[in-house]
Amino acid sequence: MSRIAALLLALLLPFAQAGAATLRVPADHPRIQDAIDAAAAGDTVRVAAGIWSGGGNRGLDFDGKALALIGAGPGATLIDCEGLDRGFRLVGGEDHRTLI
């Protein structure tokens, strides 16, 4: 990478990150899928502690969006699929950094 390209990247990166939003479940959206649907690429969806079940909280589809889904911590945020579905459907080009 040339020095000019590296300098431009260093100057523009803070602006790109500044536009990212944080969407909270349930404070901003009642279901996890609602927050994912409302999110744009680069956004973060934070899910509160609890057991999340029912429609809109399982079979989650990121629709190829590069965003972060973050729970309240290990064992604190659980997705209960009730034996009816998968927790996530990552089929649109998402990568390993999508879920935290």
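Computed values, structure above
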quantity	calculated
Residue in region 87-100 that is most open to solvent (accessible area, probe 1.4 Å), counting only those that are more than 10 Å from N57 (Cα to Cα) and at pLDDT 70 or above	V91
Positions within region 65-80 being charged (D, E, K, R) and not in a strand (DSSP E or B), in sequence order	K65
Any hit, region 8-16, residues being closer than 19 Å to V91 by Cα and at pLDDT below 90	no
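The values are calculated or read from the model by the stated rules, or taken from the named source; none is laboratory data. Just so you know, these numbers come straight off a predicted model, no measurement behind them. Keep in mind that these areas ignore ligands, DNA and RNA; they rest on the heavy atoms of the full protein, side chains included. Shrake-Rupley method; radii C 1.70, N 1.55, O 1.52, S 1.80 Å.
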